[in-house]
Amino acid sequence: MSTAPVDRFARIPNNVDLAGDKKLQRALEEWQPKFMSWWRDMGPSDFYTKDVYLRTAVSVDKDGWAHFDHVKLPDYRFGIFLTPFDDKERVQFGDRAGEACFQEVPGEFRNSLRRIVVTQADTEPASVEQQRLLGHTAPSLYDLRNLFQVNVEEGRHLWAMVYVLMRHFGRDGRDESEELLNRRSGDADKPRILGAFNQPCSNWLDFFAFTMFTDRDGKYQLAALAESGFEPLARSCRFMLTEEAHHLFVGETGIERIVRRTAEIMKEGKDPRTEGTIPLKMIQKTINFWFSYSLDLFGGEISSNAADYFAASLKGRYKEADQYEDHTILGQSRSIPVVENGRLIEKEVPLRNALNEILRDEYVKDCERALARWNKTIEEKGQSERLFLPSRRFHRHQGEYSRQTFDPQGQLLIESEFESRRSEWLPTAEDRGYVQSLMKPVHEPGKFANWIAAPVRGINGLPLDFEYVRL
Ligand code: BYC
């Protein structure tokens, strides 16, 4: 295995031998105060003096990646950690399959690779900005701690990508790193790059849906990059994936707990709305909103960018090495429904151009698994309503289906009809107002807001009434 030892006490903790590359070290140390200033301005608002029970990565091995302790948010140690790699690792897919992995950016792919890394990097600070105010309305100390855990790790993921930019893209990489701190989620003049990261995430139902659906795009994008032939990117993404699992857990179990509480109230024969819980219909609309924006994050159904990335061995399929035998996928095709002359028809496209859709297939399968779990909870409470994923064509802003409107079952609709039914399918101002009215902070250890059930267990084997945040 080739990795530098962990330098835990350096100004920037790392396992990439920063001390051995003075120029890079200087560039990152110059960026560090700018990052900290962004973190103070745009990171979690107001809890800076409080001790939070956080997991910090102090190395990449089994014991070190999850070190738990009470830490104040400004004192969290943002480090640069790459998963060790076998020196003999080979390119898994694309036109260079079988060759040795590359350590430096091949000149002809410099622009595409920079674009991938910047796009990935941009999502990390964006999500922190979107979640900035949620601490004020956390339904429990357990949830408050989970929010901060997600936030610090997204911050660390930004570090991971900035390392790749500064180490491998010289001046351009340094400029891009500055820009990453200058864009702002939802800003009219300097928005974040991808649509979902400019949507407001203003209540905890949104937060759980975001970590369930939008973070899950992260899992699939990172997994596709974790097998990149460009080894430094692959190693960074592998380690990020380890941390990502907790974010998905927070989202999936968060919605499950809301569903559980609502179904309990329904079982008692009461109206969730008058009982201060969240009706399943509102949960469904929130699923429709975040699922559709998250589907957009996979890019167009038919994409020459995706074909180019694959050919260049930069970005593969999900579990490319384990799931597939043919890693060149030349001479194959896939059929994709597209709209032509006002009708949906199937179009055959070369498989390499359909790779965004193939990654989206894996994502949708994973989301369906979570939906089945939530529906089981509803069923266990004896209720007949069910939650579902809308069609991939519903409410899209990118790709083939962004030019038409569709209902949640995927049927083409004229735009005026979609607009007249929008409030049935997507959260209205009134829905958001109602959910917001429930968002009152609960700060007593072991207590949970009325609209959400308690989780099954605490963090790191600790009891639910542990003081996860010392307020
Ligand atoms: N919004 O060929 P196309 C995460 C642009 S989440 C706005 O269809 P391509 C996380 C696209 O940039 C994971 N614009 O798509 C989650 C292109 O623009 P240009 C983030 C969009 O390039 C929660 C044009 O449309 N990682 O980690 O094949 C919390 C046509 O593009 C959108 C990555 O995204 C959109 N949704 O694929 C924290 C991985 N979609 O070039 C973190 C890196 C597309 O014409 N990114 N466009 O100006 C990529 O691999 C690809 O860029 C994309 C798009 C998958 C995003």
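The figures follow:
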| read-out | value |
| --- | --- |
| Rounded if a/c under 1.5, otherwise prolate or oblate - the chain, Cα gyration tensor axes | oblate |
| Cα-only radius of gyration and Dmax that characterise segment 228-314, units Å | 19.8, 59 |
| Filtered GluC sites (Glu not before Pro), segment 1-103: DSSP coil and at most 15 other beta carbons within 10 Å | Glu89, Glu99 |
| Nitroxide proxy distance, nm - points 7 Å out along Cα→Cβ at Phe249 and Asn375 | 2.6 nm |
| Listed peptides 382-388, 247-253 by packing density, highest first (mean Cβ within 10 Å) | 247-253, 382-388 |
| Anchor Lys447: lysines whose Cα lies under 24 Å away (excluding residues fewer than 8 positions away in-chain) | Lys50, Lys72, Lys267, Lys270, Lys381 |
| Candidates per trypsin sites (Lys or Arg not before Pro) in segment 25-128, loop by DSSP, up to 13 other Cβ within 10 Å | Lys62, Lys88 |
| Rh (Kirkwood; distinct C-alpha pairs) - segment 89-172, Å | 15.3 Å |
| Net +/- balance of residues flanking Val6 in space, Cβ distance below 11 Å, scoring K and R +1, D and E -1 | -2 |
| Amide H partners (placed H, <5 Å) of Phe85, local residues excluded | Ser2 |
| Of Gly186, Phe418, Pro106, farthest towards positive along the dipole that unit charges on Lys, Arg, Asp, Glu beta carbons give the chain | Gly186 |
| Inter-site label distance for Val364 and His70 at 7 Å from Cα along Cβ, in nm | 4.8 nm |
| Fewest-first sequence of Met439, Met36 by Cβ atoms within 10 Å of each Cβ | Met36, Met439 |
| Residues of type lysines that Lys22 reaches as a straight line, Cα spacing below 28 Å, ignoring anything fewer than 8 places off in the same chain | Lys34, Lys88 |
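Readers should treat all values here as calculations from the given coordinates under stated rules, not as data from a laboratory. Since the structure is predicted, the reported quantities are computational estimates derived from the model, not experimental observations. Please note: Cβ atoms are built from the backbone with ideal geometry, for glycine as well, and neighbour counts cover all protein chains shown.
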